Amino acid sequence: MKALVKMEPGAGHWEVIDKPEPVPGEGQVKIKVEYIGICGSDLHTYEGHYNVNAKGLTIGHEFAGVVAEVGPGVTNVKVGDRVTSETTFTVCGECRYCKEGLYNLCPTRKGLGTQQDGAMAQYVLARAKSCHILPENVTTRQASITEAACCAHHGVAKAKINPGDIVLVLGPGPIGLLTAQCVMAKGGRVVMTGLTQDAGRLQIAKEKFGVEYIVDVQKDDVKALVNKLTDGYGADVCYDCTGAVPSMQLGMDLLRKQGQYVQIGLFARDVVEVDFSKIIQKELVVSGSRSQNTHDWEPTLKLMSEGKINADKMITHEVGIDEWDKAYHLLKSGQATKIVMHPIG
């Protein structure tokens, strides 16, 4: 089968090559891939900032397809089922996190497309327990971005949102747009921020997804807007989807006392400067959000089936896995919101 593979450690070295079709083992499922979503971490891998030492690895962890074969002991899905899968492929099963179903925190976890061959191929192996059958009205094309939507859902669940709360979503990228949709599904009123270079995406947020307020922080007074909306108290919740230090600082500044701050975006550096006086003096509740876990998938698929997360509006381009370079440039230039790929061969 044809697969897009990271051939050598470091940046680049991606090639479409022939690989043997995988054979499912105990508790595993072989899925015929129909669509694969491209994640920001795929871009970081390509550029050599993430998963740097991988070699001979098939890329891709956002996907959906049809069950082609099941291994021994599999009872939750059958051949012909339309499915998507969590990225978790193996876990220890013994640590306190595994016992609570928090597989994203297992210290020995291995994920699809990062430590285990992923989905940018004609077939992929998945852990049967990680598979989710699609609602009837959700297509495999739409479901290929479920993992990204689950990451947003996971982050949004880190804070309590009451109907009518003013919620900051910093950054209009794919995760920011998905986060905004999850927030609005809970009744939150979204203020989304971006830079001047994000003008197109901010407009998409308002026109396509109904985000109530969009702000160019380089041109507009976001603090004045938030104060006007909150009688001067500040926003109730902030989700930073940028991983940019100035954005984090702005978010903490705009929150009310006892406001909730959630970091979803990854910083370029592990160590960043944080103004802890804001956290202490305002008694902010600060949380991190890592990927997604098994509890996010069914609620996210439900939101997709109800149209509260609109995958069709998220997906702007479709290419084959042999057009990876084209997809990369579309994403880096900001011309694309979300790109899905399809297998070849």
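Summary table below
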{"quantity": "Qualifying residue in region 241-252 (condition: crowded, with 18+ Cβ neighbours inside 10 Å, more than 21 Å from the chain's Cα centre (by Cα) and in contact (Cβ under 8 Å) with a residue 60 or more places away in the chain)", "calculated": "yes"}
{"quantity": "Residues satisfying the stated conditions in region 216-240, i.e. assigned to a loop (DSSP other than H, G, I, E, B) and without any contact (Cβ under 8 Å) to a residue 12 or more places away in the chain", "calculated": "Asp220, Asp221, Asp231, Gly232"}
{"quantity": "Close pairs (6 angstrom Cβ cut-off, 6 or more residues apart or separate chains): free of Cβ contacts under 8 Å to residues at least 60 places away in the same chain in region 149-178, surrounded by 24 or more Cβ atoms within 10 Å (Cβ to Cβ) anywhere", "calculated": "Pro172/Met192; Pro172/Gly194; Pro172/Ala205"}
{"quantity": "Cβ pairs under 6 Å, 6+ apart, first in region 293-319 and without any contact (Cβ under 8 Å) to a residue 24 or more places away in the chain, second open to solvent by less than 50 Å² (accessible area, probe 1.4 Å) and polar (S, T, N, Q)", "calculated": "Thr316/Thr337"}
{"quantity": "Tabulated pairs, region 196-215, first within 14 Å of Val169 (Cα to Cα) and in a strand (DSSP E or B), second among the basic types (Lys, Arg) and at pLDDT 95 or above, C-beta under 7 angstrom, 6+ apart or interchain", "calculated": "Ile214/Lys206"}
{"quantity": "Conditions (1) of a type in the set (S, T, N, Q); (2) open to solvent by 20 Å² or more (accessible area, probe 1.4 Å); (3) at pLDDT 95 or above; number of the one not met by Ser291", "calculated": "(3)"}
{"quantity": "Odd one out for Cys151, checked against (1) modelled with pLDDT under 95; (2) within 24 Å of Val91 (Cα to Cα)", "calculated": "(1)"}
{"quantity": "Residue satisfying condition, being of a type in the set (D, E, K, R) and part of a strand (DSSP E or B), within set Glu15, Glu21", "calculated": "Glu15"}
{"quantity": "Residue ID - farthest from Thr84 (Cα to Cα), chosen from residues in region 286-312 that are polar (S, T, N, Q) and in a helix (DSSP H, G or I)", "calculated": "Ser305"}
{"quantity": "Filter result for the condition that a residue is farther than 26 Å from Lys257 by Cα and either small (Gly, Ala, Ser) or crowded, with 16+ Cβ neighbours inside 10 Å (or both), over Ala224, Ala205", "calculated": "Ala205"}
{"quantity": "All positions within region 53-96 that are in a strand (DSSP E or B) and among the aliphatic types (A, V, I, L, M)", "calculated": "Leu57, Ala64, Val66, Val67, Ala68, Val70, Val83"}
{"quantity": "Positions within region 9-18 being surrounded by fewer than 16 Cβ atoms within 10 Å (Cβ to Cβ) and either touching a strand residue (DSSP E or B) at 6+ places or on another chain (Cβ under 8 Å) or modelled with pLDDT of 95 or more (or both), in sequence order", "calculated": "His13, Glu15, Ile17, Asp18"}
{"quantity": "Top-ranked residue of region 46-86 - restricted to ones that are of a type in the set (S, T, N, Q) and modelled with pLDDT of 95 or more, ranked as surrounded by the fewest Cβ atoms within 10 Å (Cβ to Cβ)", "calculated": "Thr75"}
{"quantity": "Residue match in region 299-307 (condition: closer than 16 Å to Pro174 by Cα and either at pLDDT 95 or above or not small (Gly, Ala, Ser) (or both))", "calculated": "yes"}
{"quantity": "Subset of region 320-345 [of a type in the set (D, E, K, R), in contact (Cβ under 8 Å) with a residue 60 or more places away in the chain and assigned to a helix (DSSP H, G or I)]", "calculated": "Asp322, Lys332"}
{"quantity": "Positions within region 95-140 being open to solvent by 60 Å² or more (accessible area, probe 1.4 Å) and either more than 27 Å from Asn53 (Cα to Cα) or β-branched (Val, Ile, Thr) (or both), in sequence order", "calculated": "Arg96, Lys99, Glu100, Thr108, Lys129, Ile133, Glu136, Asn137, Thr139"}
{"quantity": "Selection within region 254-285 - open to solvent by 100 Å² or more (accessible area, probe 1.4 Å) and either assigned to a strand (DSSP E or B) or basic (Lys, Arg) (or both)", "calculated": "Lys257, Gln258, Arg269"}
{"quantity": "Residue match in region 26-40 (condition: surrounded by fewer than 22 Cβ atoms within 10 Å (Cβ to Cβ), of a type in the set (A, V, I, L, M, F, W, C) and farther than 25 Å from Thr337 by Cα)", "calculated": "no"}
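The values are calculated or read from the model by the stated rules, or taken from the named source; none is laboratory data. Since this is a predicted model, take the numbers as computed values, not measurements. Cβ: placed from backbone, ideal geometry, glycine included. Neighbour counts: every protein chain shown. All accessible areas refer to the heavy atoms of the entire protein, side chains included, with ligands and DNA or RNA removed. Shrake-Rupley method; radii C 1.70, N 1.55, O 1.52, S 1.80 Å.
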